[in-house]
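Let me begin by presenting the structure, written as structure tokens, before commenting on it.
Derivation of every value follows stated rules applied to the coordinates shown; laboratory data play no part. Nothing here was measured: the structure is a model prediction, and the numbers come from that model. Here the Cβ positions follow ideal geometry from the backbone for every residue, glycine too, while neighbour counts run over all protein chains shown.
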Amino acid sequence: MQHIILDTDPGVDDALAIALAVNSSGLKVEAVTTVNGNVGVDCCTRNLSLILGALGNTKVPIIAKGESQPLSVSPVDASHVHGSDGLGDVTRLCDSSGNRCYPDMPLPAVAACAVDVILTLVKRYPDQITLLCIGPLTNIAKAILTHPIEMKKTREIILMGGAFEVYGNVTVSAEFNVYADPHAAQVVFDSEIPITVVPLDVTHQVLLNAKQFEKMCIRHNGKWGRFLLDCTRSCFEFHCRYEGLDGFYLHDPVAVGYLEHPGFFDTVPAYVQVETVGELTRGRTVADLRSDRIDRPKPNAQVCVGINTGQFLGYFLDRIFAFA
Ligand code: BDR
Ligand code: CA
């Protein structure tokens with residue numbers, strides 16, 4: 001059983017990733033920590049409780065609210081993609097009697113400081129904790145900056161972020177999670193903790209088809225299916241309108257997929273750095289992924305460069321609808 005801390009900024013695709021992770025029989029999610037990202041951290045934390053409520057989940061022992069500001073840059077968000085509440089505006093949906101379809105869930109006890117929770121768990125389970133990071137890396141960087149020795153006892157960091165040989169999704173150069181806090185990402189890559197990167201290079205190979213997913217949600221015919229339908233709707237619409245896509249990319253679920261099924265992926269070792277100052281290229285992840293080069297710097301990460309899309313989607317759709 002792998003001990004996991006899931007660090008997230010929910011987020012529509014985060015919601016799908018959380019569902020995969022907390023219901024996996026092979027993963028023990030010790031804590032879910034939130035961070036400023038797709039929307040503000042308070043909203044992300046509220047979304048987390050809503051998602052866990054929709055899942056009927058009582059398994060996550062600790063929820064902790066994380067950092068509200070990136071290390072050095074001003075906050076950005078992705079509410080134009082994920083909705084003003086970060087969950088496709090489900091919190092505004094009302095039934096025919098005017099009652100909210102998804103009222104705020106009573107929050108389970110939320111620890112005040114995600115960084116403290118991460119440090120406590122890494123110390124409690126030395127060399128056993130995997131940090132699964134699907135938002136900006138601010139919490140992780142703060143833990144490393146304040147307690148570098150203790151954090152070396154992290155077993156692995158798996159992070160969704162970066163763009164190497166493809167365009168970015170927030171600027172031409174950069175992927176959102178790294179762009180939102182590039183200095184934090186650089187701290188993480190400098191940490192000497194084993195890292196696997198799940199960048200746009202692979203997540204852009206996994207499109208969730210809108211029509212197929214909608215049909216499956218309707219067929220599911222339960223509370224969870226309705227929630228999935230409602231929270232993904234505006235995300236599908238956004239990608240159709242602005243990118244001409246008949247679906248959206250499963251960025252964060254792909255990172256969970258790597259954790260559970262690394263065999264679906266091709267990886268290469270690489271020395272990854274982050275552009276923190278470039279006006280046009282802020283947040284670009286830079287690495288030489290060519291395996292035949294001599295004199296390459298010592299790798300600090302494994303970078304996912306290929307994915308078996310069919311196998312991943314099979315796993316994803318099976319798991320995501322396996323709830324009552
Ligand atoms: C990442 O950015 C966020 O908007 C998504 O939740 C995902 O973590 C993709 O670039
Ligand atoms: Ca995310």
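Before moving on, here are some points about what is shown:
- Placed amide H near Val303: partners under 5 Å, 5+ positions off or other chain: Val197, Val268, Ala270
- For the residues Val12, Val268, Val41, a GNM of the chain with alpha-carbon springs under 10 Å puts the largest fluctuation on Val268.
- Measuring against 27 Å, Cα to Cα, the residue pairs Lys59/Lys211; Lys28/Lys153; Lys65/Lys211; Lys123/Lys223; Lys59/Lys153 contain Lys59/Lys211; Lys65/Lys211; Lys123/Lys223 as the ones spanning a longer distance.
- Rounded to the nearest Hz, the phi-derived 3J(HN,Hα) couplings of the range 154-159 under the Karplus curve 6.51 cos²θ - 1.76 cosθ + 1.60 (θ = phi - 60°) are 6, 5, 6, 10, 10, 10, where x marks glycine and proline.
- Set of the range 225-264 residues, backbone N closer than 17 Å to the point 7 Å along the Cα-Cβ line of Lys215: 229, 246-248
- Amide hydrogen proximity for Cys133: with H placed 1.01 Å from N in the peptide plane, the residues at 5 or more positions away or on another chain lying under 5 Å are Asp7, Ile158, Leu159, Met160.
- Alpha-carbon centroids, the range 244-265 and the range 1-51: separation in whole Å: 15 Å
- Applying the criteria of a DSSP loop state and at most 14 other Cβ atoms within 10 Å to the trypsin sites (Lys or Arg not before Pro) of the range 239-324 yields Arg290, Arg293.
- Alpha carbon centroid spacing (whole Å) that separates the range 111-130 from the range 165-193: 23 Å
- Within the same chain, aspartates and glutamates fewer than 8 places from Lys215 are excluded, and of the rest, those with a Cα less than 18 Å from its Cα are Asp230, Glu237, Asp246, Asp318.
- When the Cα positions of Ser25, Asn139, Tyr249 are compared along the charge dipole of the range 2-323, Ser25 comes out farthest toward the positive end, with charges on each C-beta of Lys, Arg, Asp and Glu.
- Remark on the chain: hydrodynamic radius 19.6 angstrom, per the Kirkwood mean of 1/r across alpha carbon pairs.
- Computed FRET value (nearest 0.05) for Leu145 with Ser97, which takes r as the C-beta separation and R₀ as 51 Å: 0.50
- Rounded to the nearest 20 debye, dipole of the chain from Cβ charges on Lys, Arg, Asp, Glu: 720 debye
- For Lys152, the aspartates and glutamates whose Cα comes closer than 17 Å to its Cα, not counting residues fewer than 8 places off in the same chain, are Asp116, Asp127, Asp190, Glu192.
- For Ala111, the residues whose modelled amide H falls within less than 5 Å of its own, excluding neighbours fewer than 5 places apart on the same chain, are Ile63, Ala64, Lys65.
- Our coupling estimate for the range 250-260, obtained by passing each phi through the Karplus curve with A = 6.51, B = -1.76, C = 1.60 and θ = phi - 60°, is 8, 3, 5, x, 5, 5, 5, x, 4, 4, 8 Hz, Gly and Pro reported as x.
- Computed from the Cβ-Cβ distance with R0 of 25 Å, the FRET efficiency linking Ser291 to Leu245 stands at 0.20.
- Its Kirkwood hydrodynamic radius, worked out from the mean inverse distance over all distinct Cα pairs, puts the range 229-270 at 12.3 Å.
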